Amino acid sequence: MNIGVDIRPLMDSNRTGVGEYIYELLNALFHIDRVNQYFLFYNSNKDVSKNIPKWTQENIHYIKSNWPNKLFNLCLLVFNRPKIDKIINQNLDYFFSPNINFTALSRHGRGKVKKVKHILTIHDLSFEYFPDCFGWKRRLWHKILFPKYACKKADIILTPSESTRQDVMEKYKIDGNKVKVIYPGLSSIFMPPFAKATAGLLSHIESSAEICGNEINESIKKKYNLPKKFILFLGTIEPRKNIIGIIKAFIKNQNFFPDYKLVIAGAKGWEYKPIMDMIQKQNKVQYVGYVEAKDKPILYSLADLFVYSSLYEGFGFPVLEAMSVGTPVIASHRSSMPEVTEGSAYLVNPNIISEIAEGIKLLLTDQKAAEFLKAKGRERARNFTWEKAAREFLDVLK
């Protein structure tokens, strides 16, 4: 089969969540599929090649058009031209869009038979259910993309959770037969480089590994100026993540845990200023800024507790990442999070501060409860691999 893939999300130097999704999925696909031909499409009148991953196997081909991006998107929006499959010019069987974007495909061949089947990933519908959590530019962007129309035109829709699948079906009145769930996987950076529990591992090697691990831990502590004991939130600094609710819940418990700080980590998003103002007013709440991907596993593991009481998530990667390294998690009982955690996290109503506070108090005082969630979290996280996602993607094509 000839499969076109929209890799425009990979053009940015700072890779977004969608960029990570498409990179990890394609990387896994190319490890197991040497037969199908993949045509990776991107457009830019600038040189963005340094940002594009370099896959070198023979069934991978890069296709670049050189339009100014704003003009390219405008033509796609207004004229439904140019047809991307015509630019690729390879008689495609499928074109895969890893996110909603301006896309035009040749929909019909001779005899009104569909020519190119379109696979579209919908990561979440937060812009539909929580429009107040987005600025006017993002709301306008989603309106002019016509996501409902895009879903109706698509031949196959992929979602990262059953929760998002139900949202797409209900909100856009889409036939459930064409909406498929493919759970994403954990990034390879969360896979341990060695297993200390491996039978026969020599004690001096264990000691060397432990020393190395301690040095790395100290390096991360110094890099982000971390306190000795802390509760962690990691995610975009924006209203949808309910960070102010987490801070209020932490304040309720301050007298019980005077040695603890709340560490807030992540890039600043829309409407971050009120959140930052509240952080600055609390001497036991610390903002450490954007965290490099390679540092995340250590940061999660250094925390005694991870709190992620978001209002809505299509999947919730930070929850899974924290569970994978054995950090107890408090998450919302909304959207995809009960599905992803499946009994491996303490779930709360994100709108009830006292519930979040009670969860924090419980998991910092009840060692058995904390150890139970540590073990369950690690076990649950093992179910999410990119190889599994890639094989399920190929099954969809078949």
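Restricting the search to segment 282-294, which residues are at pLDDT 95 or above and either under 17 Å from the mean Cα position of the chain (by Cα) or part of a helix (DSSP H, G or I) (or both)?
none
At least 3 residues that are open to solvent by 60 Å² or more (accessible area, probe 1.4 Å) in each: list the helices (runs of 4 or more DSSP H) lying fully within segment 298-398 that qualify.
Fully inside segment 298-398 and qualifying: 353-365, 367-381, 386-397.
For P274, which of the numbered conditions (1) closer than 25 Å to W136 by Cβ; (2) assigned to a loop (DSSP other than H, G, I, E, B); (3) open to solvent by 60 Å² or more (accessible area, probe 1.4 Å) fails to hold?
Checking P274 against (1) closer than 25 Å to W136 by Cβ; (2) assigned to a loop (DSSP other than H, G, I, E, B); (3) open to solvent by 60 Å² or more (accessible area, probe 1.4 Å), the one that fails is (2).
Yes or no: segment 245-264 includes at least one residue that is assigned to a helix (DSSP H, G or I), over 22 Å from G359 (Cβ atoms) and either open to solvent by 70 Å² or more (accessible area, probe 1.4 Å) or at pLDDT below 95 (or both).
Looking through segment 245-264, none of the residues is assigned to a helix (DSSP H, G or I), over 22 Å from G359 (Cβ atoms) and either open to solvent by 70 Å² or more (accessible area, probe 1.4 Å) or at pLDDT below 95 (or both).
A quick yes/no check of all residues on (1) free of Cβ contacts under 8 Å to residues at least 40 places away in the same chain; (2) more than 23 Å from G269 (Cα to Cα):
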site	(1), (2)
E58	yes, yes
F79	yes, yes
I88	no, yes
F96	no, yes
K115	yes, yes
W136	yes, no
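Here are K180, K173, K137: which of them is surrounded by 14 or more Cβ atoms within 10 Å (Cβ to Cβ) and either farther than 14 Å from I122 by Cβ or among the charged types (D, E, K, R) (or both)?
Just one listed residue meets the conditions, K180.
Output the number of the condition that H118 fails; it satisfies all remaining conditions of (1) under 19 Å from the mean Cα position of the chain (by Cα); (2) in a strand (DSSP E or B); (3) not β-branched (V, I, T).
It is condition (1) that H118 fails.
Report, by residue number, each residue of segment 12-50 that is surrounded by fewer than 16 Cβ atoms within 10 Å (Cβ to Cβ), modelled with pLDDT of 95 or more and assigned to a helix (DSSP H, G or I).
Those that are surrounded by fewer than 16 Cβ atoms within 10 Å (Cβ to Cβ), modelled with pLDDT of 95 or more and assigned to a helix (DSSP H, G or I): N27, H31, I32.
How many residues are in contact with a helix residue (DSSP H, G or I) (Cβ under 8 Å, 6 or more places away or on another chain) and more than 13 Å from F127 (Cβ to Cβ) if we restrict to segment 140-150?
Within segment 140-150, residues that are in contact with a helix residue (DSSP H, G or I) (Cβ under 8 Å, 6 or more places away or on another chain) and more than 13 Å from F127 (Cβ to Cβ) number 0.
Could you tell me how many of the residues in segment 154-167 are more than 18 Å from the chain's Cα centre (by Cα) and either open to solvent by less than 60 Å² (accessible area, probe 1.4 Å) or at pLDDT below 95 (or both)?
3
The values are calculated or read from the model by the stated rules, or taken from the named source; none is laboratory data. Given the structure is predicted, the values throughout are model-derived calculations rather than measurements. As a convention, Cβ positions derive from the backbone with ideal geometry for all residues, glycine included, and neighbour counts pool all protein chains shown. All accessible areas refer to the heavy atoms of the entire protein, side chains included, with ligands and DNA or RNA removed. Shrake-Rupley method; radii C 1.70, N 1.55, O 1.52, S 1.80 Å.
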